[in-house]
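Asker: Pasting a structure here, questions to come.
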Amino acid sequence: MNTTEISKEYIVTGAEHSSTGDQLKWLQDGYWYKADRLGFESLAEVVVSRLLQYSNVEEFVKYEPTMITYGERTYRGCRSENFKGENEEIISLEHLSKNYTGFGLEKTLGRIGDVKERILYTVELVENVTGLEGFGAHLAKMIELDAFFMNTGRNTRNISLLYDIKSRKYRFCPIFDMGASFFSDTKDTFPLENSMVECYHAMEAQPFSRSLDAQVKAARELYESQLKFTISVSEMINMVRDMINGMRSNVNYQAGENRRIGEILRFQTKVYQQIFQQ
């Protein structure tokens, strides 16, 4: 695998559309680059995006692993093509809410007690401001994805829309920023030596509930189940095993990181059997 050298002028800081605002990110030569900061975020991004090819998710960002040299350091990371159109900008729901109501969405949701009401408020806000239809089903599918892959990094700053500044029209943003999946934060919250049980107890979701399961339950009651995979459980497990083994020779992913992804998928595919091809 080639190592990409990135110049300092391409760094992007304080980007709102990320689960971790202090993660090193760059936009260079039409590609977004992200460096691992807390664990194996890049591996999580790559695995999720490759599996989404076998789902009913129509638009998602495709990530590929890469090594990144920046300054005097080399990082594990991933890259993806810039998905914005020439006249488009990314508008997070946090930013959309501030522009429309004067308050950030995170703060507003904190004043609403019921999980379903928080989701409904968000959907109504987006559809009223943008004129988009079907955002509820789109959001429900995202919530199911986060729960299945154990993505604890979703928040009001990385649920986003694309806005064309010339036509003044919005469209749904492709699914992106799944780097907090699989308990990838092995530095702070989910050390590799911790058991799966310990990781589950330490997990806190966002932005509608601290429980991924509670978010899925509420979203399905409102919009039914939206997520489907076009492969079987056994096909997914075998695919991920081969995928990780293939990448391991090029990127220094640890055996414990690979094992954690396998353990989570084996458990989650049992819990979510109904979303798989039988």
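Asker: Quickly run through the range 155-186 and pick out the residues that are among the aromatic types (F, W, Y) and in a loop (DSSP other than H, G, I, E, B).
Answerer: Restricting attention to the range 155-186, the residues satisfying the condition of being among the aromatic types (F, W, Y) are 163, 170, 172, 176, 182-183.
Hit for the range 155-186 is F176, nothing else.
Asker: From D242, D213, grab the single residue that is open to solvent by 30 Å² or more (accessible area, probe 1.4 Å), closer than 22 Å to A140 by Cβ and in a helix (DSSP H, G or I).
Answerer: On the way: D242 fails: closer than 22 Å to A140 by Cβ.
Selected residue: D213, the only one of D242, D213 that is open to solvent by 30 Å² or more (accessible area, probe 1.4 Å), closer than 22 Å to A140 by Cβ and in a helix (DSSP H, G or I).
Asker: For residues that are touching a helix residue (DSSP H, G or I) at 6+ places or on another chain (Cβ under 7 Å) and in a loop (DSSP other than H, G, I, E, B), scanning just the range 187-205, find the one that is farthest from E86 (Cα to Cα). Let's see the steps before the verdict.
Answerer: Initial filter on the range 187-205 (touching a helix residue (DSSP H, G or I) at 6+ places or on another chain (Cβ under 7 Å)): 189-190, 192, 196, 199, 205.
Still in the running and in a loop (DSSP other than H, G, I, E, B): 189-190, 192, 205.
Working: T189: 38, F190: 39, L192: 42, A205: 34 Å.
It comes out as L192.
Asker: Same structure, new question: Can you find a residue that is assigned to a strand (DSSP E or B), at pLDDT 95 or above and either crowded, with 16+ Cβ neighbours inside 10 Å or not hydroxyl-bearing (S, T, Y) (or both) anywhere in the range 128-137?
Answerer: Going through the range 128-137, the residues assigned to a strand (DSSP E or B) turn out to be none.
Checked against the condition, which is being assigned to a strand (DSSP E or B), at pLDDT 95 or above and either crowded, with 16+ Cβ neighbours inside 10 Å or not hydroxyl-bearing (S, T, Y) (or both), the range 128-137 yields no hits at all.
Asker: Let me ask something else about it. Tell me which residues, restricted to the range 33-56, are open to solvent by less than 30 Å² (accessible area, probe 1.4 Å) and either on the phi > 0 side of the Ramachandran plot or out of contact with any strand residue (DSSP E or B) (no Cβ under 6 Å at 6 or more places or on another chain) (or both).
Answerer: L38, G39, F40, E41, L43, A44, V47, V48, L51
Asker: Moving on. Failed condition for G262, given (1) closer than 18 Å to T186 by Cα; (2) open to solvent by 100 Å² or more (accessible area, probe 1.4 Å); (3) at pLDDT 90 or above, with all others met?
Answerer: G262 satisfies all of (1) closer than 18 Å to T186 by Cα; (2) open to solvent by 100 Å² or more (accessible area, probe 1.4 Å); (3) at pLDDT 90 or above except (2).
Asker: Okay, moving on. Report yes if some residue within the range 200-218 is over 30 Å from T130 (Cβ atoms), within 20 Å of the chain's Cα centre (by Cα) and without any contact (Cβ under 8 Å) to a residue 24 or more places away in the chain; otherwise report no. It would help to see each step written out before you state the result.
Answerer: Taking the range 200-218 first, the residues over 30 Å from T130 (Cβ atoms) are 200-203.
From what's left, within 20 Å of the chain's Cα centre (by Cα): 200, 202-203.
From what is left, the residues that are without any contact (Cβ under 8 Å) to a residue 24 or more places away in the chain are 200, 202.
Yes; the residues of the range 200-218 include at least one that is over 30 Å from T130 (Cβ atoms), within 20 Å of the chain's Cα centre (by Cα) and without any contact (Cβ under 8 Å) to a residue 24 or more places away in the chain.
Asker: It is to be established whether one or more residues within the range 59-75 are assigned to a loop (DSSP other than H, G, I, E, B), closer than 21 Å to Y170 by Cα and open to solvent by less than 40 Å² (accessible area, probe 1.4 Å).
Answerer: Here is the first cut: in the range 59-75, the residues assigned to a loop (DSSP other than H, G, I, E, B) are 59, 61-62, 71-72.
Next, only the ones that are closer than 21 Å to Y170 by Cα stay: 59, 61.
This time we only want the ones that are open to solvent by less than 40 Å² (accessible area, probe 1.4 Å), so: 61.
Yes; the residues of the range 59-75 include at least one that is assigned to a loop (DSSP other than H, G, I, E, B), closer than 21 Å to Y170 by Cα and open to solvent by less than 40 Å² (accessible area, probe 1.4 Å).
Asker: Please name all residue pairs, on different chains or six or more residues apart, with Cβ atoms under 6 Å, provided the first residue is in the range 27-49 and is within 17 Å of F190 (Cα to Cα) and the second residue is open to solvent by less than 10 Å² (accessible area, probe 1.4 Å) and among the polar types (S, T, N, Q).
Answerer: Short answer, once both residue conditions are applied: D36/S42; G39/S184; F40/S184; E41/S184; A44/S181; A44/S184.
Asker: Taking K141, is it modelled with pLDDT of 95 or more, open to solvent by 40 Å² or more (accessible area, probe 1.4 Å), under 30 Å from F229 (Cβ atoms) and not in a loop (DSSP other than H, G, I, E, B)? Lay out the reasoning, then the answer.
Answerer: Numbers: modelled with pLDDT of 95 or more: yes; open to solvent by 40 Å² or more (accessible area, probe 1.4 Å): yes; under 30 Å from F229 (Cβ atoms): yes; not in a loop (DSSP other than H, G, I, E, B): yes.
The answer is yes for K141.
The values are calculated or read from the model by the stated rules, or taken from the named source; none is laboratory data. Everything quoted here is computed from the prediction, not taken from an experiment. Cβ sites come from the backbone with ideal geometry, for glycine too, and all protein chains shown count toward neighbours. For the accessible areas, the whole protein counts, side chains as well, though only heavy atoms, and no ligand, DNA or RNA atoms are used. Shrake-Rupley method; radii C 1.70, N 1.55, O 1.52, S 1.80 Å.
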